[in-house]
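Accompanying notes for the structure given below.
The values are calculated or read from the model by the stated rules, or taken from the named source; none is laboratory data. Since the structure is predicted, the reported quantities are computational estimates derived from the model, not experimental observations. Here the Cβ positions follow ideal geometry from the backbone for every residue, glycine too, while neighbour counts run over all protein chains shown.
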Amino acid sequence: MREYRLVVLGSGGVGKSALTVQFVQSVFVDRYDPTIEDSYRKQVEVDGHQCMLEILDTAGTEQFTAMRDLYMKNGQGFILVFSIIAQATFDELAELRLQILKVKDNPSVPIVLVGNKCDLEQDRKVKRELGDQLSTRWGGTPYYETSARSRINVDEVFYDLVRMIQLQNPIKLDKSGKKATKKCTIL
């Protein structure tokens with residue numbers, strides 16, 4: 001079974017933990033309790049393949065910046081979350097993405113852009129068009145509007161990120177069509 005290391009990043013209070021817990025446990029966490037770092041594991045099936053996801057739910061961007069480079073170095077794919085009801089959380093993502101690309105030293109890192117709290121449409125500060133435009137500027141990065149409370153697009157975000165990682169790192173098959181394994185040779 002293939003393992004994937006996913007990292008959820010964004011400002012404090014945007015709903016990173018709520019999205020992650022909703023995905024992993026199908027529970028909505030209503031209270032805000034600032035995260036330092038939480039790690040979750042969940043086995044899922046994506047496009048017929050069993051996968052083990054290791055999901056790192058991180059602190060808000062303004063906290064624990066020393067730990068962030070390590071998250072970025074070890075992560076295979078990233079979910080960048082902002083709140084549609086807080087413009088500043090959207091504005092901070094460009095710098096976060098640049099930092100990921102710098103740490104990974106790769107211009108095509110698997111990233112999914114997420115506008116969370118779409119159930120609070122009446123309080124919206126970030127228009128959907130801004131998310132679409134940022135997605136386009138970032139080379140077609142997938143953009144989802146989610147609600148951890150209503151479980152809207154939660155699974156899709158994580159599954160889409162796994163698909164992006166799979167495209168970058170396809171499973172190698174041997175000539176018979178089975179998953180290739182490395183053989184150990186003793187000299």
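Thr89 meets the conditions (1) in a helix (DSSP H, G or I); (2) over 16 Å from Leu19 (Cβ atoms); (3) polar (S, T, N, Q) in every case but one. The failed one is (2).
Quick check on this structure: which one of Lys125, Lys102 is in contact with a strand residue (DSSP E or B) (Cβ under 9 Å, 6 or more places away or on another chain) and of a type outside the set (Val, Ile, Thr)? That would be Lys125, the only listed residue that is in contact with a strand residue (DSSP E or B) (Cβ under 9 Å, 6 or more places away or on another chain) and of a type outside the set (Val, Ile, Thr).
Does the stretch 127-138 include one or more residues that are over 27 Å from Val44 (Cβ atoms), at pLDDT below 95 and not in a helix (DSSP H, G or I)? The answer is no, given that none of the residues of the stretch 127-138 is over 27 Å from Val44 (Cβ atoms), at pLDDT below 95 and not in a helix (DSSP H, G or I).
So which of Leu101, Leu113, Leu70 is assigned to a strand (DSSP E or B) and either crowded, with 17+ Cβ neighbours inside 10 Å or not hydroxyl-bearing (Ser, Thr, Tyr) (or both)?
Details: Leu101 fails: assigned to a strand (DSSP E or B); Leu70 fails: assigned to a strand (DSSP E or B).
Answer to the check: Leu113.
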